[in-house]
Structures are given as C-alpha cells and as structure tokens.
Amino acid sequence: MASIPIYTERLKANFLLVVGVLLWVLAVGTMPGIILDGQWWLFAIYLVTMILIFGFYQMKVELFPKMLVIKFGFLYRKVIPLEKIQNYSPYKILHPVRTYGGWGIRKGKDGTFALTQAFINEAIKLETPEKTFVISSRTPENLCSAIKSLKG
C-alpha cells in the first residue's frame with residue numbers, strides 16, 4: 001500500500017519562459033529545415049528540446065513519513081531518507097545563475113547540490129552525511145515544520 005504524503009508542493013516553471021524557449025527553438029529548429037529543403041535533423045532537435053522542456057517543466061516535492069522525494073517531471077527523481085537528514089532550514093538563493101549556473105539539477109560553486117525551479121529564490125537547505133541540498137520551495141517554513149514534526 002502506498003503511503004500518503006504529509007507535505008506536497010508543485011512548482012511549475014514560468015509559463016512565459018517556457019513559451020519563449022519553445023518559440024525560439026521552433027524558429028531555429030524548423031524554419032531552417034523548411035528553408036533548407038527538408039533538413040529533418042533540425043526538426044528532430046526541436047522535438048528533443050520540447051520533450052526536455054516539458055520533462056522538467058514541473059517540480060514536485062513530497063514528504064512521506066520515511067523519505068523526502070523530489071521529482072522533476074517524468075525524467076528525474078531524488079529520494080532522501082528522513083533518517084539521513086541532519087539539518088534543515090529555510091534558505092534564500094541570492095544568485096542562482098552565479099552560484100549554480102542557472103536552475104534545475106546542478107552542483108553549486110559552494111559545494112551544494114541544487115534542485116531548483118526557475119525564478120523561485122526561496123528554498124530549503126538540507127544537510128545529509130553525503131551532500132548538502134538546496135531545494136526550491138514557495139513555502140520553505142512549512143516544509144521545515146513538516147520535517148520537524150516527523151523527526152521529533
């Protein structure tokens with residue numbers, strides 16, 4: 001029987017950003033293919049890029065009694081066992097592009113491992129014996145409270 005999450009948060013990417021990238025890829029990927037007499041591989045690049053964008057469009061954070069699960073669309077899933085969480089606190093991502101090179105699944109210059117959604121600068125900093133994670137959240141205080149209620 002599947003466990004019911006204690007805390008759930010869905011973070012969607014900025015819609016205008018996604019539309020802008022899709023239009024840009026459409027212009028770069030398909031228009032030259034039409035103009036250059038059927039360069040099919042340009043259209044293939046467009047399709048792959050669309051799949052990747054929609055694959056990472058939504059981030060979902062779920063807290064279960066024994067684990068924290070972070071999902072990026074249908075392509076990525078990270079499970080952090082609750083007993084491995086040593087420390088956690090709300091965190092403000094001041095310069096995501098400078099620190100992590102952007103948003104998404106990235107390793108930062110400061111040694112942290114970021115799981116962040118575009119243009120959401122609020123997060124939770126979570127420390128485990130192996131890694132320190134920075135995870136986007138619109139309500140990091142609520143996520144910290146939920147973890148605290150489980151850890152005791």
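What is the angle, in °, between the Cα long axis of helix 140-151 and the longest principal axis of the Cα atoms in the chain? Nearest 10 is fine, range 0 to 90.
Helix 140-151 sits at roughly 50 degrees to that axis.
Need the list of aspartates and glutamates near residue 107 for cross-linking: C-alpha distance under 19 angstrom, and skip anything on the same chain fewer than eight residues off.
Partners within reach: 122, 127, 130.
Using 0.36 nm times the number of residues separating residue 58 and residue 110, minus their current alpha carbon distance, what extension gain do you get? Walk me through the intermediate numbers first.
Values: separation 52, 0.36 × 52 = 18.72 nm, distance 2.54 nm.
Difference between extended and current length: 16.2 nm.
Can you pull the Rg over Rh of the chain, Cα-only, Kirkwood?
Details: Rg = 18.3 Å, Rh = 16.9 Å.
Dividing the radius of gyration by the Kirkwood radius yields 1.08.
Looking only at 134, 25, 69, which one moves most when the chain is put into a Gaussian network model with springs between Cα atoms under 10 Å?
For the chain, modelled as a Gaussian network with Cα springs under 10 Å, the answer is 25.
Using label points projected 7 Å from each Cα along Cα→Cβ, tell me how many nm separate residue 82 and residue 131, to one decimal.
2.2
Return the subset of 66/131; 12/109; 12/66; 131/151; 12/78 for which the Cα-Cα distance in this structure is over 23 Å, preserving the input order.
On the way: 66/131 18 Å; 12/109 25 Å; 12/66 25 Å; 131/151 19 Å; 12/78 17 Å.
Result: 12/109; 12/66 exceed 23 Å.
Angle check, please: helix 40-55 long axis (alpha carbons) against the longest principal axis of the chain (alpha carbons), in degrees 0 to 90, nearest 10.
Helix 40-55 sits at roughly 20 degrees to that axis.
Of all trypsin sites (Lys or Arg not before Pro) in the range 56-114, which ones are in loop regions per DSSP and have a Cβ with at most 13 other Cβ atoms within 10 Å? Please report the intermediate quantities before stating the final value.
Numbers: sites: 60, 66, 71, 77, 78, 84, 92, 98, 106, 107, 109; in loops: 66, 109.
Of the trypsin sites (Lys or Arg not before Pro), the ones in loops of the range 56-114 whose Cβ has at most 13 other Cβ atoms within 10 Å are 66, 109.
Along the charge dipole of the chain, Cβ charges K/R +1 and D/E -1, which of 25, 51, 41 sits furthest on the positive end?
Positive-end residue among those listed: 51.
So which GluC sites (Glu not before Pro) in the range 48-148 end up in coil per DSSP with only 10 or fewer other C-beta atoms within 10 Å? Spell out each step's value before the answer.
Working: sites: 62, 83, 122, 127, 130, 141; in loops: 130.
Sites meeting the loop and neighbour criteria: 130.
Could you work out how much longer the chain between residue 4 and residue 45 gets when fully extended? Use 0.36 nm per residue separation minus the Cα distance between them, nm to one decimal.
Values: separation 41, 0.36 × 41 = 14.76 nm, distance 3.89 nm.
Once the chain is fully extended between residue 4 and residue 45, it gains 10.9 nm.
Would you please give the FRET efficiency between residue 15 and residue 92, computed as 1/(1 + (r/R0)^6) with r the Cβ-Cβ distance and R0 = 30 Å, to the nearest 0.05? Don't jump to the answer; show the numbers that get you there.
On the way: r = 24 Å, r/R0 = 0.79.
According to the calculation, E is roughly 0.80.
Coordinate-derived values only; no laboratory data. Worth saying up front: this structure is predicted, and the values here are computed from it rather than measured. Quick reminder, even Gly has a Cβ in these numbers, built from the backbone with ideal geometry, and neighbours come from all protein chains shown.
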